[in-house]
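One structure is given here, and the rest of the page talks about it.
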Amino acid sequence: MGLLSESERDASHKKPYGIRFFEWMRKRPLSFKAHQAIVLLVTFLAYANYHASRKTTSIIKSALDPLSPDVGLKFNLWKTSGSSTPVESSHRALLARGGWAPFDAAEGTSLLGELDLAFLGVYAGGMYFSGHLGDRMDLRIFLTLGMLGTGLFTTLFGLGYWANIHVFSYYLIVQMLAGLFQSTGWPSVVAVVGNWFGKSKRGLIMGIWNAHTSVGNISGSLVASALLSYGWGWSMVAPGLIIAFSGLVVFLFLPVHPESVGIDKEGDDLGSPKKSGEGITEPLLKSASETEKAIGFIEAWRIPGVAPFAFCLFFAKLVAYTFLYWLPFYISHTVIDGEYLSSTTAGNLSTLFDIGGVVGGILAGHISDRLGARAITAASFMYCAIPALYCYRSYGHISIAMNVGLMFITGMFVNGPYALITTAVSADLGTHSSLNGNSRALATVTAIIDGTGSVGAAIGPLLTGYLSAKSWSSVFVMLMVSALIAGLFLTRLVIAEVTSKIEESNSRGRIPSRNPVLEV
């Protein structure tokens, strides 16, 4: 290799320290594919830990509020009864021994719902701000600060256990600040991945990559459940320290875009656009270092498809996050095969929902790639989630095996469209043809879609806190109605995709568009 140019030398000084170390060890620069592998691994690790630290509050709910009057004790979907069976009476007597003030009082379930609202409400508002800011600053620094802040406030929540804090406002404020720092994660990781990967098989690639959400939920559940017996504080502190450490990994190793590590996509065949006779995919975005004006908030809303998918995600995340925050609690307060499960067992069992979500995300991405129809795929999954929710509530109590099987299926249909919209659809819309190649829009568009969805994510757990105190049947009715509305929001886009497919089949000579709705 020849001498480095001045611009290449400048880029080498901007490389993350971990990349410089790898290249020093190898005595030569890393390849484009090696950088892609690092990006996938680091962003996967980063967002998995965001979700792991977010999942912990659902695990400790049963320890904070082990005795909630009439919560989950009626396992028949449409039948309610004020009487208590011997199993329920013994369960109440056992749970009455624990709890953590102020959450162990009669209004404890509602207070837990308010904590969820505080976290997710600030998270949703912060998402819009984070996307706007992320398109205007170094995403590696932005993501690092977000992870360190998340780790700090997650840890502070757990420290309330040893400090013997029983003031609700303390936990409320800590959760709000944790939500603010959590909002930095999603726009950042999607934008970075978008800078490095082309459009080919985007749904499948991002569907697999999006498994970090479920992996984070699963690992967070397992870690928090394992530590719960030592005191609920450990279930918060450990994930908080882990995400803080992961933030340092991001700072050391994450290259934001090819130009930041000295790769010339115009002249280097590793990063160049598709060449004649070669199978190299076209880069998803232009160089972020080019002089482009970051897209405005209102302008991003006007991109065709953004509003329908954003409002669809509002209701899709309402369903998904209700399970995220309340599923372990629901399982531990529901008679399954004639008995109640411990909080630890319920937390471990709830991971099957997330495993189903991994499968659903990959299936939704692959199917949408094959069909070239994001809206049809997302809407179909949401409609299928309705009978899945009904069956889980009606028959999940019969046995552990039945509960696990139905939980897996429900997770697949609930999380499939959620994963598709927040990844491939956001990337499609963030590089819409109406932007004329502007690369400074992806974080903003991603934040708008996921931020709108996060408003629904805040409302779902809050309503669950109140509705579950009366009957879990009401909660599942809310979830089924939400899934229906989510699918209906995509009706116009579904019709457009179906019409496009019919036209394509009637015009064999025309090259089919892979995402007709998103290119309108």
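The values are calculated or read from the model by the stated rules, or taken from the named source; none is laboratory data. Nothing here was measured: the structure is a model prediction, and the numbers come from that model. Here the Cβ is made from the backbone with ideal geometry for all residues, glycine too, and neighbour counts use every protein chain on show. For accessibility, only protein heavy atoms count, side chains too; no ligands or nucleic acids. Shrake-Rupley method; radii C 1.70, N 1.55, O 1.52, S 1.80 Å.
Summary table
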quantity	calculated
Lone unmet requirement of (1) under 22 Å from Leu45 (Cα atoms); (2) at pLDDT below 90; (3) in contact with a Gly (Cβ under 7 Å, 6 or more places away or on another chain); (4) of a type in the set (Gly, Ala, Ser) for Gly146	(2)
Residue pairs meeting the criteria (Cβ under 7 Å; at least 6 apart or on separate chains; first assigned to a helix (DSSP H, G or I) and at pLDDT 85 or above, in the stretch 315-341; second buried (at least 24 other Cβ atoms within 10 Å of the Cβ) and of a type in the set (Val, Ile, Thr))	Ala316/Ile421; Val319/Val414; Ala320/Val414; Thr322/Thr464; Phe323/Val414; Trp326/Thr464; Pro328/Ile59
Leading residue by the ranking (modelled with the highest pLDDT) among those in the stretch 185-237 that are assigned to a loop (DSSP other than H, G, I, E, B) and buried (at least 21 other Cβ atoms within 10 Å of the Cβ)	Asn210
Gly160 vs. criteria buried (at least 24 other Cβ atoms within 10 Å of the Cβ), at pLDDT 85 or above and small (Gly, Ala, Ser)	no
Residue satisfying condition, being touching a Ser or Thr at 6+ places or on another chain (Cβ under 7 Å) and over 20 Å from Ser426 (Cα atoms), within set Ala178, Ala124	Ala178
Contacts under 6 angstrom Cβ, first residue in the stretch 118-143 being closer than 19 Å to Tyr47 by Cβ, partner modelled with pLDDT under 85 and open to solvent by 10 Å² or more (accessible area, probe 1.4 Å), 6 or more apart	Asp135/Ala294; Asp135/Arg440
Residue match in the stretch 418-425 (condition: within 27 Å of Leu341 (Cβ to Cβ), within 22 Å of the chain's Cα centre (by Cα), of a type outside the set (Phe, Trp, Tyr) and part of a helix (DSSP H, G or I))	no
Complete set of residues in the stretch 126-145 that are assigned to a helix (DSSP H, G or I) and surrounded by fewer than 18 Cβ atoms within 10 Å (Cβ to Cβ)	Phe129, Ile141, Leu145
Subset of the stretch 343-381 [of a type in the set (Lys, Arg) and buried (at least 24 other Cβ atoms within 10 Å of the Cβ)]	Arg374
